[in-house]
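The values are calculated or read from the model by the stated rules, or taken from the named source; none is laboratory data. Since the structure is predicted, the reported quantities are computational estimates derived from the model, not experimental observations. Cβ: placed from backbone, ideal geometry, glycine included. Neighbour counts: every protein chain shown.
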Amino acid sequence: MSKQDEYKVPRVWKWEKEDGSKFSSTNRPTSGPTHDQALPVGDHDLQLYSMATPNGQKVTILFEELLAAGIKEAEYDAWPISIGDGDQFSSGFVQNNPNSKIPAMMDYSVNPPLRLFESGAIMQYLAEKFDAFIPQDPIARTECRNWLFWQVGSAPYLGGGFGHFYTYAPYAMQYPIDRFTLEIKRQLDVLDKHLSYNTYMAGDEYSIADMAIWPWYGNLVLGKVYDAAEFLQVEDYTHLLRWAKQIGERDAVKRGEVVNRFWGDGANLKERHSAKDIDKALK
Ligand SMILES: N[C@@H](CCC(=O)N[C@@H](CS)C(=O)NCC(=O)O)C(=O)O
């Protein structure tokens, strides 16, 4: 934006419905449902409503890791929520998550059934429910939670900040791109330094902290998020790259990342009800 068309802040903000950005048709300044539609419910106790964005992949990767560890009670149905089409504003979804963001989940194994929203809360719940992928040792367990909450607090600068202005804004604006790139490079350096003396985020043990951070920051440095690897000079973050590649090679990660992916090239799997659905999608 040049000095001439500098924005003058009005006394009262007015909503410009179509701002030219990718999600302007569904974004609005109010919450709540826009239409009546119940959520589907499958055979398993755990019902996930999601989409394979990095926030959605965190949870499907955890589900697949739990199943790979032999925890059969972690079987789940994963239903697609297309956020581009406004599915997150159906009455059923809003009942599950009043914040209208994926991922959301229901646990029907308890009475009354429990609603869950916020990826970090879902991951902590599942890890504690099945006593897996959250360290037993109190120091490592605390460190795992530290990084899990770090991820949930930090990624909005990556997604809503950097990603929005680098990829989705209607035209390139230097000020926000500079501001968020500065922050994202700082975050990448935080991770790189930590991973220079830790195998995994919580120390020696692979945990939900890794599964939460990898879909955003792992995929960013692997060039799979925002196609920004060159712009961010990710080759400088050697320890983060080592970790990103290591996690990306896990079978459960490869399975989890395709669940509720219903666009683009590569493996797609709109809904998942059994392991066979993923086997077919990855063939
Ligand atoms: N803090 C939330 C963020 C979830 C989130 O931002 N989800 C996005 C997709 S990545 C979404 O559902 N966006 C739909 C919308 O904003 O209308 C979490 O970690 O679960």
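Does residue 228 meet the test of being out of contact with any Cys (no Cβ under 9 Å at 6 or more places or on another chain) and farther than 29 Å from residue 283 by Cβ? So residue 228 fits the description; yes. Restricting the range 135-175 to residues that are surrounded by fewer than 16 Cβ atoms within 10 Å (Cβ to Cβ) and among the aliphatic types (A, V, I, L, M), the residue that is farthest from residue 224 (Cα to Cα) is 139. Of all residues in the range 97-136, exactly one satisfies the criterion of being of a type in the set (Asp, Glu) and touching a residue at least 40 places away in the same chain (Cβ under 8 Å), namely 107. Could you look through the range 206-262, keep only residues that are surrounded by 20 or more Cβ atoms within 10 Å (Cβ to Cβ) and not in a helix (DSSP H, G or I), and pick out the one that is modelled with the lowest pLDDT? Selected residue: 225.
Quick check: anything in the range 108-115 buried (at least 16 other Cβ atoms within 10 Å of the Cβ) and either at pLDDT 95 or above or among the β-branched types (Val, Ile, Thr) (or both)? The answer is no, given that none of the residues of the range 108-115 is buried (at least 16 other Cβ atoms within 10 Å of the Cβ) and either at pLDDT 95 or above or among the β-branched types (Val, Ile, Thr) (or both). Within the range 24-45, is even one residue within 22 Å of residue 132 (Cβ to Cβ), part of a loop (DSSP other than H, G, I, E, B) and away from the ligand (no atom under 14 Å from the Cβ)? The answer is yes, given that some residue of the range 24-45 is within 22 Å of residue 132 (Cβ to Cβ), part of a loop (DSSP other than H, G, I, E, B) and away from the ligand (no atom under 14 Å from the Cβ). Does residue 133 fit the bill of being within 15 Å of residue 62 (Cα to Cα) and more than 13 Å from the ligand (Cβ to nearest atom)? Against the criterion (within 15 Å of residue 62 (Cα to Cα) and more than 13 Å from the ligand (Cβ to nearest atom)), residue 133 qualifies. Condition first: part of a helix (DSSP H, G or I) and near the ligand (Cβ under 8 Å from one of its atoms). Now tell me which residues in the range 92-120 satisfy that. Within the range 92-120, 119, 120 qualify. Restricting attention to the range 68-91, the residues that are in a strand (DSSP E or B) and more than 16 Å from the ligand (Cβ to nearest atom) total 2.
Just name the residue that is farthest from residue 66 (Cα to Cα) out of those in the range 121-142 that are part of a helix (DSSP H, G or I) and in contact with a Gly (Cβ under 9 Å, 6 or more places away or on another chain). Only one residue fits best here, namely 139. Residue 272 meets all of the listed conditions (1) buried (at least 19 other Cβ atoms within 10 Å of the Cβ); (2) within 30 Å of residue 79 (Cβ to Cβ); (3) assigned by TED's automatic domain parsing to the domain that holds residue 162 but one, namely (3). Remark: pairs (first residue in the range 28-49, under 20 Å from residue 116 (Cβ atoms); second residue in a loop (DSSP other than H, G, I, E, B) and aromatic (Phe, Trp, Tyr); Cβ separation under 8 Å; 6+ apart in sequence or on different chains) = 41/108; 45/108; 46/108; 47/108. Could you list all residues from the range 153-180 that are under 19 Å from residue 244 (Cβ atoms) and not aromatic (Phe, Trp, Tyr)? Scanning the range 153-180 gives 154, 155, 158, 159, 163. When each of 22, 14, 58 is tested for being within 19 Å of the chain's Cα centre (by Cα), surrounded by fewer than 19 Cβ atoms within 10 Å (Cβ to Cβ) and within 30 Å of residue 177 (Cα to Cα), the lone residue that passes is 22.
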